[in-house]
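Q: One structure coming up, written as structure tokens, with questions to follow.
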Amino acid sequence: MTQSVSHGEDYQPVFDGKIMDELQTVLQRYPTKQAALLPTLWIAQREHGWISDRIMAEVAEVLGLTPAYVKGVVTFYTMYHQHPVGKNFVQVCTTSPCNICGAEAVMKALLEQTGAQDAGATSADGKWTIVEVECLGACGFATPVLVNDDFLESVTPEKVPEIVKKYR
Amino acid sequence: MGYPHKPHPKETVVLSQHFGDVEARTHKGWVKRGGYEALAQALKLEPAAVTDVVKESGLRGRGGAGFPTGLKWSFMPKEKKRPHYLCVNADESEPGTFKDREIMRWTPHALLEGTAIAAHAIRAEVAYIYIRGEFTEPWTIIERALAEANAAGVFGTIKVYLHRGAGAYICGEETALMNSIEGKRGNPRIKPPFPAAAGLFGMPTTINNVETLAAVPHILTRGAAWYKGLCLSNPKSTGTKLFSVCGNVQRPGNYEVTMGFPLKDLLYDMCGGPPAGRTLKACIPGGSSVPILTREETEACLLDYEGVVEKGSMLGSGGVIVFDDSADMVYQIMRLARFYAHESCAQCTQCREGTAWTTKIMERILAGQGKTKDLDLLLDLSENMTGKTICVLSDSCAAPVVSGIKKFRGEFEAYLAGKRPVPVMVS
Amino acid sequence: MADGMINLTIDGAPVSVPPGTLVIEAAKQAGVLVPHYCYHPGLPVAGVCRMCLVEVEKAPKLQIACATTVTEGMVVKTQTAQAKDARQSVLEFLLINHPLDCPICDQAGECELQDFVFQEGQARTRYAEFAKRFNPVEDFGPDVLYVPNRCILCTRCVRFMEDVAKEPVLNVSERGDRAFIGIHPEARLDHPWAGNVVDLCPVGSLLSKDFLHKARAWELDKTASICTGCSQGCNITLDTRDEVVVRVRPRPNLEVNRYFICDHGRMHYKWMNRGDRIEAPLVRAGAELKATDWDEALDRVAAILRGAEGRTAVALVSPGASSEALALAKRVFTGFAWTGAFQVVMGEEAPLTGVPDLALRAERAPNAKGAETLGYTRDYAQALAAAKSAAVVLVLDDPDCAVETNGTLIYLGTVLGVDAPCRRADVILPIANVAEEEGTFTNRDGRTQRYYQAKPAPGMAQPAAWVLGQLVAAMGLAEAQR
């Protein structure tokens, strides 16, 4: 079911050399190539920052899938970025349990102090993208905030300046 | 121990004994604390004998449905003709629930040991641990523990792999989780076929929750009778369970109690009750998908599968969300509806359209634009969204709406009458 | 009751079906159409639209008829209040974001959303104050447009491309009520069988560009026919409006084409509406061809045949002619040293991977097998050479035939090009095309299938079998005359 898509000449493939070797070890974990799709997308996002249509086509090629199939999967999972994001990608839980503990105030403080202004937008300096997410699974530590891969617990608006300073 | 708080005398510490103890995270530290003895014991038994012990203990699934674990294992084909798989559900995403995260953070080897025992019992050669994408810290800890366990040859011929989710609540549903491992959209599958007949990659599969598997080693070393004896109320609910308490309480966190423990004692004695000057208004006892309890119901509720049902809700995953008298129930229910609308996989019509429509009506009520007919409309939509879809996400959206309107109708009506201030929403 | 069959009742009617039958299919046997959207017998079961909810006795909740297998003694009720309410609510959910633009929608009149809402829905909305979801129309491929606002996410199109065409170029994108049918920007829905998604779409979401705004469904007359695009013999329906063929759609035949046709066949109809047709019999008067009536023309041909009896005759025929015409085009030369031949245009084979033995065949003619069975050869070059010295040459429906002869040339055809060699014929007889006559074709597997007349032939044109039949009778060669 491979449908090959030609890449532009300026496109640098993600899966090359060492990354291709890494992919080979991932493939060994599953009986089908298709099953390696989620981990492969994680690698692609780690390497490129976000998952473009081109990268989806490349992933499709290396796994023997079609670009449309890959796109259907990418758009299902919220953690795959379909657009470039800031250097610090910040996810703030605002679901009910955190909400009653003041998550919206944390969100507001982050938006103001990072200059990102709007949820989902990237700050002018390209350093911050703040998004509201549904339950992060740490409701007893309201408000949990994920800055890239760092999981911060019990964040309050008072702690926001410190966080902004640390990651700036 | 209700980490990060000091253990409470009323807790029955089994799973949480080593929470907060950094050394217990290592293989060496785990062995020092008696770890992997259960596995050695299990490997000496026939798979069916292991299953029998778990059956006898009365252990029931801790992910939400409460299905007897030993019985589930016994559904696997007796004659092994094809590969068998074990899936470990570490996609903890149910709002209000954060117990599996704690197990993985503090006692990763408890999970790995339980995984190995279960794989032996169901004769699986491969186990996948599906960890939600946002759990970066548990992932790192489990990854390290797995490397240690592999180095120590703990698993024998069984292969254990980690699989990272990527942001989808529905992947906690067992068949959606399997699709997700297979590299597909996390859509729940129609059943039958059930996983034991055709699960992951179409092969016989068992799927268990993290807390369920973490309990298994204890059952093997201390015996089914001991586990069965951990019971304060209904004999159908045995053992201990971690309850994640969050929301408006003074000491939120995970608390481990024996099945049948009074919810009132959990909330007031252990968690310190609502913040000073506040009173308890409502409680969701089993994660956001179950009906809301009033203060009266909460205070009379016993924490086991039957006890919570008796009060009109469900034990679910044991995520206890507490609302004090300052909470705006209408707003919080809207947040929950929005959560389900965001997470609906889009397959079933009632869920795809119903969760979004419900959210819109809730938002309209909150914006002071509600209509008198809206409450009846919400109840009717909820009825149409219940019991008619592939999985229960749609039902889960309906549960807090229906119970919320039933039990806190006054708050809704105040909005409809224009008496409540319009809450400030960030987005 | 037959052995090994499962007995159940559906709305009180007893039915016996083979084990493994789905309730929705068993219901058809009981004369009950359970409303449904995602279910299609040619696709894997998805069970997502939840429209076919029915009551099954002893089941704790409603079941979907499309994913429930029959069991012995099962009692199915489709018309209970509970089942009807559930289906009505599905319709309500499906309609909240639907644009209700039936007046400008090509699907109107053959739309399953319209049909089932009319049958079971309610004439009101409770969604009135909210804005409907909006997404722009997308160009999916050479012949397919996607109108997302009308989409009910039944996923038939996605499953067709994934499981039947085996080329998943369509997907479900996003989640919840934001979901839509997506395509990758660098890919196109240009698979040779892609057009089936338009037929499979139960609503007006996937549209054929070719048929766009051409006709309202209720203005169409429908005629059972056989596709002439290749030798597969797919069963089709010719849709005509005011005696013009405007659309070709597959007609289910599980043995030949299941529920599908290829795009080549789907588009292979415009020639049926050609305006530049031969409308009257033409006979040679010196250098000129003059129009005449059938009597004179047939008399002329009969005279030619009588005069040449016992000598050599060559028939150069189209493998798209009916078996009836081909048989008569041979019989009329009884007593001649006869040679008959045809040539087949070849193209690329394009299989529908998910269905065994179904492809757009390289042999682009519907009746080559029929012609062969009747004694025509594929050695066209030799027949052309033989034509040069033959006493009589008959060309049947092959307008571009490069025929040269010193004998008498008779041409039965639909059209006549300005420079066509057949313009040199002594007699030219106007015949009907496949849409204008009834006949049979024999497909590559030897299956003989009938097609019917969808529109009248222009002017005085007649089916070739009629024309040749008249000649056979004139020659005293009809069965009854023997």
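Q: What does the charge count around C:GLU120 come to, taking other residues whose C-beta lies under 13 Å from its C-beta (Lys +1, Arg +1, Asp -1, Glu -1)?
A: Computed value for this residue: -2.
Q: Compute the angle between helix B:374-384 and the longest alpha-carbon principal axis of chain B, please, reported from 0 to 90 degrees and rounded to the nearest 10.
A: Long axis of B:374-384 versus the principal axis of chain B: about 30 degrees.
Q: Then there is this: Please compute how much accessible surface disappears when A pairs with C, both sides summed, using a 1.4 Å probe, and round it to the nearest 100 Å².
A: Counting protein atoms only, the buried area is about 1400 Å².
Q: While we're on this one: Out of residues 5 or more away from C:GLY340 or on other chains, whose amide H comes under 5 Å of its own, with H placed 1.01 Å from N in the peptide plane?
A: Close amide H contacts, sequence-distant or interchain: C:ALA315, C:THR377.
Q: Roughly speaking, what is the centre-to-centre gap between segment C:289-321 and segment B:54-105 when only Cα atoms are used, to the nearest Å?
A: Measuring centre to centre over Cα atoms gives 84 Å.
Q: Per residue of chain A, what 222 nm ellipticity follows from adding -39500 (n - 2.57) for every DSSP H run with n ≥ 4, rounded to the nearest 500?
A: Helix-only estimate at 222 nm: -11500 deg cm²/dmol.
Q: Now a separate question. Once you mark the chymotrypsin sites (Phe, Trp or Tyr not before Pro) that are in a DSSP loop and have at most 15 other Cβ atoms within 10 Å, what is the longest gap between them in chain A?
A: So the longest stretch without any such site is A:51-168.
Q: C:GLN462's amide H: which non-local residues (gap 5+, or another chain) put their own amide H closer than 5 Å, with H modeled 1.01 Å from N in plane and none for Pro or chain starts?
A: Placed amide hydrogens put C:ILE431, C:ALA432 under 5 Å from C:GLN462.
Q: As a check on your grasp of the helix formula, calculate [θ] at 222 nm for chain B: sum -39500 (n - 2.57) over DSSP H runs of n ≥ 4, divide by the residue count, round to the nearest 500.
A: -12000 deg cm²/dmol
Q: Over 20 Å between Cα atoms: which of B:LYS28/B:LYS55; B:LYS72/B:LYS228; A:LYS87/A:LYS165; A:LYS127/A:LYS166; B:LYS241/C:LYS61 fall into that group?
A: B:LYS28/B:LYS55; B:LYS241/C:LYS61
Q: Also, I was wondering about something else. Helix C:464-474 versus the longest principal axis of chain C: what angle, 0 to 90°, nearest 10, using Cα atoms?
A: That helix lies at roughly 40 degrees to the long axis.
Q: Need one number for chain B: average projected area of the convex hull over its C-alpha atoms, nm².
A: Averaged projected hull area, Cα only: 19.6 nm².
Q: I've got another one for you. Can you list the aspartates and glutamates whose alpha carbon is less than 12 Å from that of B:LYS264, not counting same-chain residues fewer than 8 positions off?
A: B:GLU296, B:GLU297, B:GLU299
Q: In whole percent, what relative contact order does chain C give with Cα contacts below 8 Å and a gap of six or more residues?
A: 11 percent
Q: For chain C, which cysteines have no disulfide-compatible partner, meaning no other cysteine Cβ under 4.7 Å?
A: That list is C:CYS52, C:CYS66, C:CYS102, C:CYS105, C:CYS111, C:CYS151, C:CYS157, C:CYS201, C:CYS230, C:CYS262, C:CYS401, C:CYS422.
Q: Mind checking the mean number of beta-carbon atoms from other chains within 10 Å of the Cβ atoms in B:172-182?
A: Per residue, the number of nearby Cβ atoms from other chains is 2 on average.
Q: Measure off, as a whole percent, the carbon and sulfur share of the 1.4 Å-probe accessible area of segment A:88-167, all protein chains present.
A: On segment A:88-167, the fraction of accessible area on carbon and sulfur atoms equals 49 percent.
Q: Turning to a different aspect of this structure: For a test of understanding, tell me how many lysine pairs in segment C:192-334 have Cα atoms under 21 Å apart, given they are 8 or more places apart or on different chains.
A: 5
Q: If I model a spin label at B:VAL13 and B:LYS373 as a point 7 Å from the Cα along the Cα→Cβ vector, what separation in nanometres do I get?
A: 5.9 nm
Q: Starting from 0.36 nm per residue, how many nanometres of slack lie between C:GLU243 and C:ARG188 once their C-alpha separation is accounted for?
A: This chain segment gains 16.4 nm when fully extended.
Q: Kirkwood-based Rg over Rh for chain C (C-alpha set), two decimals?
A: When Rh is taken as the Kirkwood radius, the ratio is 1.08.
Q: Separate question: Give me the net charge of C:LYS290's neighbourhood, meaning all other residues with Cβ under 13 Å from the Cβ of C:LYS290; Lys, Arg count +1, Asp, Glu -1.
A: -2
Q: Another question about this same structure. Round to the nearest 0.05 the FRET efficiency obtained for C:ASN253 and A:THR25 when R0 = 56 Å and r is the Cβ-Cβ distance.
A: 0.65
Q: Once fully extended, how much extra length lies between B:ASP325 and B:GLN41, figured as 0.36 nm per residue of separation less the alpha-carbon to alpha-carbon distance?
A: Once the chain is fully extended between B:ASP325 and B:GLN41, it gains 97.1 nm.
Q: Rg/Rh for the protein assembly as shown: what does it come to with C-alpha atoms and Rh from Kirkwood?
A: We get a ratio of 1.09 for the protein assembly as shown.
Q: Quick one: what are the phi-derived ³J(HN,Hα) couplings along segment B:192-197, Karplus 6.51/-1.76/1.60 with θ = phi - 60°, whole Hz, x for glycine and proline?
A: Running phi through 6.51 cos²θ - 1.76 cosθ + 1.60 with θ = phi - 60° gives x, x, 7, x, 5, 8 Hz.
Q: Also, I was wondering about something else. Note the per residue figure in Å³ for the convex hull of the C-alpha positions in chain A.
A: Given the Cα convex hull of chain A, per-residue volume reads 133 Å³.
Q: At a Förster distance of 41 Å, what's the computed FRET efficiency of C:ALA224 paired with B:LYS236, Cβ-Cβ distance as r, to 0.05?
A: Efficiency, rounded to the nearest 0.05: 0.05.
Q: Extending each Cα 7 Å along its Cβ direction at B:ARG222 and B:GLU310, get the distance between those two points in nm, one decimal.
A: With each label placed 7 Å out from Cα toward Cβ, I get 2.4 nm.
Q: Once the piece of chain linking C:TYR452 and C:LYS28 is laid out straight, how much longer is it, given 0.36 nm per residue of separation minus the C-alpha distance between them?
A: Value of the extension gain: 149.9 nm.
Q: Here's something else I'd like to know. Reachable lysines from C:LYS28, Cα under 20 Å, same-chain residues fewer than 8 places away excluded?
A: Qualifying lysines at Cα under 20 Å: C:LYS77, C:LYS84.
Q: Another question, if that's okay. Could you give the alpha-carbon Rg of segment A:88-167 over 2.2 N^0.38 Å, rounded to two decimals?
A: Normalised Cα radius of gyration, segment A:88-167: 0.96.
Q: Run lengths n ≥ 4 of DSSP H only: what is the helix-derived mean residue ellipticity at 222 nm for chain C, with -39500 (n - 2.57) per run over all residues, to the nearest 500?
A: Taking each H run of at least 4 residues, the total per residue is -5500 deg cm²/dmol.
Q: Please find the FRET efficiency linking A:LYS127 to B:THR140, where r is the Cβ-Cβ separation and R0 is fixed at 35 Å, and quote it to the nearest 0.05.
A: The computed FRET efficiency comes out at 0.90.
Q: Right, here's the next one. Among the aspartates and glutamates, which have Cα under 13 Å from the Cα of B:LYS371 when same-chain residues fewer than 8 positions away are ignored?
A: B:GLU363, B:GLU413, C:GLU129
Q: Working from Cα positions, state the angle (0 to 90°, nearest 10) between the long axis of helix B:349-366 and the longest principal axis of chain B.
A: The helix B:349-366 is inclined about 50 degrees to chain B.
Q: Across 10 Å bins from the origin, how do the percents of Cα pairs in segment A:17-76 run, short distances first?
A: 24, 61, 15
Q: Less than 15 Å Cβ to Cβ from B:LYS81, Lys/Arg counted +1 and Asp/Glu -1: what total charge do the surrounding residues give?
A: With Lys, Arg at +1 and Asp, Glu at -1, the neighbours total +2.
Q: When only C-alpha pairs under 8 Å and at least 6 residues apart count, what is the relative contact order of chain B, in percent?
A: Normalised by residue count, the contact order of chain B is 16 percent.
The values are calculated or read from the model by the stated rules, or taken from the named source; none is laboratory data. What you see is a predicted model, and the numbers here were worked out from it, not measured in a lab. Cβ: placed from backbone, ideal geometry, glycine included. Neighbour counts: every protein chain shown. Note: accessible area is taken over every heavy atom of the protein model, side chains too, but ligands, DNA and RNA are not part of it. Shrake-Rupley method; radii C 1.70, N 1.55, O 1.52, S 1.80 Å.
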